[in-house]
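The values are calculated or read from the model by the stated rules, or taken from the named source; none is laboratory data. Being a predicted model, the structure only gives us computed values, none of them experimental. Glycine also receives a Cβ, built like all others from the backbone with ideal geometry; neighbour counts cover every protein chain displayed. To get the accessible areas, we keep the full protein, side chains included, count just its heavy atoms, and leave off ligands, DNA and RNA. Shrake-Rupley method; radii C 1.70, N 1.55, O 1.52, S 1.80 Å.
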Amino acid sequence: MSELKKILKQKIEEHRPRTTRLLKEYGDVKVGEVTMEQLIGGMRSIKSLVTDISYLDPMEGIRFRGKTIPETMAALPKPEGKDYPYVEGFWFFLMTGEVPTMAQTKEVIADFKSRSKVPQYIFDILKAMPADSHPMVMFSTAVLSLQRESKFAKWYEEGFKKLDAWDTMYEDSTDLLAKLPEIAAFIYRMKYKGNKIIASDPNLDFGANFAHMMGIDAPYDDVARMYFILHSDHESGNVSAHTTHLVASALSDAYYSLSAGLNGLAGPLHGLANQEVLRWLQDVMDRLEGKEPTKEIMAKFVRETLDGGQVIPGFGHAVLRKTDPRYQSQRDFCLKHLPDDKIFKYVDMLYQVVPDILLEKGKAKNPWPNVDAQSGVIQWFYGIKEYDFYTVMFGIGRAIGVLANITWDRALGYPLERPKSLTTDMLEKIAGIK
Ligand code: HAX
């Protein structure tokens with residue numbers, strides 16, 4: 001071990017008890033407007049962001065522009081014979097707060113098509129990356145590499161008027177969103193399907209074209225629509241939304257901002273949890289060598305994971321205090337389309353087993369499943385068994401919400417975000433520790 005690292009290790013070990021003590025013994029002490037616990041513990045519940053695009057109630061779950069998930073799905077225009085709305089209509093709805101007519105939705109579909117062509121250099125960059133790069137690295141790199149197309153960045157160089165800034169931000173956001181399905185499907189087919197790329201079909205809408213480029217038949221087009229809408233927005237404080245907003249607050253354009261947000265989404269405590277659920281279940285199945293787990297066996301694996309100091313992916317939430325309605329919505333889909341699927345049954349068994357164990361352990365504030373517990377099952381059923389790709393699809397959905405948000409950030413002229421930090425010495429002084 002280098003001298004630097006040795007000293008660092010010693011300093012960390014010396015410092016840790018100070019932070020733990022502040023948190024455990026002085027958590028309720030006020031530091032300005034907030035408590036010590038909020039300051040050290042990840043800013044939970046501090047009201048410090050504004051958005052009108054979605055709101056997350058801890059007990060009810062998400063509302064998009066004031067509508068619950070079922071209300072949103074029912075209100076928006078759908079392709080004929082399909083159960084889920086056009087993504088393009090949802091984009092209109094998130095941006096404006098108004099439910100679009102079919103004609104308005106069709107106009108957005110045409111607009112997306114005119115913006116959807118991905119420049120060849122993006123494919124070249126993706127092909128040049130190491131084949132074992134995580135698909136989220138590829139996705140984020142592609143988004144960042146598109147930055148040279150930014151209309152906002154060019155406009156800024158030519159002279160900047162604060163209240164007009166939303167215009168080019170909107171243009172960039174729409175340009176970028178329209179390209180994401182093709183970029184994602186390219187990554188999937190290049191990485192997992194022997195580079196057999198399927199060309200985009202200009203006659204299809206956002207969800208159907210994604211399904212087509214992935215090479216998966218109906219009803220996967222509807223799965224894609226549902227998945228993108230459900231994952232779009234979860235108010236502003238979650239890591240991906242907050243990161244996108246924070247980076248955009250420096251007047252970085254939509255490409256820089258979304259790429260940063262995607263990097264946050266790729267964390268296992270956030271969007272990567274959907275792949276972790278499948279990885280965890282696969283491990284259980286491997287260890288059982290094909291035998292079906294009983295509830296007791298499943299409980300044993302859950303306890304083993306917790307005793308090993310790991311979290312149970314797909315359970316818990318920083319804000320929600322009940323089962324995530326996005327989980328419920330996907331469960332309803334499973335009950336309709338894949339009620340007998342083996343993995344669905346295992347996930348359902350986890351629902352019966354995990355909350356009681358988390359409650360018994362007494363640590364997690366919310367023992368109930370979140371969006372990520374159920375989403376991988378659906379993808380697996382329709383043939384996407386490469387679970388490290390799941391977060392990329394989450395990323396397409398999340399882009400809808402965060403890009404709408406940063407367009408509004410510019411429109412309302414929100415300033416650079418810059419909270420204040422203190423030192424541990426200062427906190428100990430406030431706590432009255434000698
Ligand atoms: N399994 C085991 N322990 C858990 C847990 C879980 N599923 N959920 C929370 N806990 C633990 C926390 O790790 C924490 O322990 P420490 O005090 O030792 O650090 C304690 O319970 C209190 O945590 P909390 O206040 O209930 O939850 P947080 O707000 O700190 O964290 C998380 C919320 C979502 C990160 C957490 O519940 C978790 O790690 N869940 C598993 C990962 C996951 O599913 N993430 C996806 C969340 C939804 C999302 O963002 N999707 O993108």
Could you list, in sequence order, the residues of segment 292-321 that are open to solvent by 70 Å² or more (accessible area, probe 1.4 Å) and more than 9 Å from the ligand (Cβ to nearest atom)? Glu292, Lys295, Glu296, Lys300, Arg303, Glu304, Asp307, Arg321
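Do we find a residue being within 15 Å of the ligand (Cβ to nearest atom), touching a residue at least 12 places away in the same chain (Cβ under 8 Å), farther than 15 Å from Gln330 by Cα and in a helix (DSSP H, G or I) anywhere in segment 358-365? I'd like the intermediate steps shown before the answer.
Just the residues of segment 358-365 that are within 15 Å of the ligand (Cβ to nearest atom), to begin with: 358-365.
Narrowing further to those that are touching a residue at least 12 places away in the same chain (Cβ under 8 Å): 358, 361, 364-365.
Those still in the list that are farther than 15 Å from Gln330 by Cα too: 358, 361, 364-365.
Restricting the remaining residues to those that are in a helix (DSSP H, G or I) gives 358, 361.
Checked segment 358-365: at least one residue is within 15 Å of the ligand (Cβ to nearest atom), touching a residue at least 12 places away in the same chain (Cβ under 8 Å), farther than 15 Å from Gln330 by Cα and in a helix (DSSP H, G or I).
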Members of segment 67-79 found to be touching a residue at least 24 places away in the same chain (Cβ under 8 Å) and exposed (fewer than 13 other Cβ atoms within 10 Å of the Cβ), listed by number: Pro70
Any chance Tyr256 is closer than 23 Å to Phe186 by Cα and open to solvent by 10 Å² or more (accessible area, probe 1.4 Å): yes
Which of the residues that make up segment 173-197 are farther than 16 Å from Asp111 by Cα and open to solvent by 10 Å² or more (accessible area, probe 1.4 Å)? Phe186, Arg189, Met190, Lys191, Tyr192, Lys193, Gly194, Asn195, Lys196, Ile197
Quick test for you: out of Tyr351, Tyr414, pick the one residue that is assigned to a helix (DSSP H, G or I) and more than 22 Å from Val87 (Cα to Cα). Tyr351
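What about Met129, is it under 24 Å from the mean Cα position of the chain (by Cα), at pLDDT 95 or above and farther than 29 Å from Ile198 by Cα?
Numbers: under 24 Å from the mean Cα position of the chain (by Cα): yes; at pLDDT 95 or above: yes; farther than 29 Å from Ile198 by Cα: no.
No; evaluated as a whole, the condition is false for this residue.
Table: residues versus (1) basic (Lys, Arg); (2) closer than 15 Å to Val277 by Cβ; (3) at pLDDT below 95.
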position: Asp324; (1), (2), (3): no, yes, no
position: Val347; (1), (2), (3): no, yes, yes
position: Lys363; (1), (2), (3): yes, no, yes
position: Asn366; (1), (2), (3): no, no, no
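Among Asp348, Asp372, which is the only one that is surrounded by fewer than 20 Cβ atoms within 10 Å (Cβ to Cβ) and closer than 22 Å to Asp286 by Cβ? Spell out the reasoning first.
Details: Asp372 fails: surrounded by fewer than 20 Cβ atoms within 10 Å (Cβ to Cβ).
Step by step, each of Asp348, Asp372 is checked, and only Asp348 is surrounded by fewer than 20 Cβ atoms within 10 Å (Cβ to Cβ) and closer than 22 Å to Asp286 by Cβ.
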Of all residues in segment 80-102, count the ones that are in a helix (DSSP H, G or I), surrounded by 14 or more Cβ atoms within 10 Å (Cβ to Cβ) and touching a residue at least 24 places away in the same chain (Cβ under 8 Å). 7
Within segment 103-130, residues surrounded by 13 or more Cβ atoms within 10 Å (Cβ to Cβ) and farther than 29 Å from Ala142 by Cβ come out as Gln104
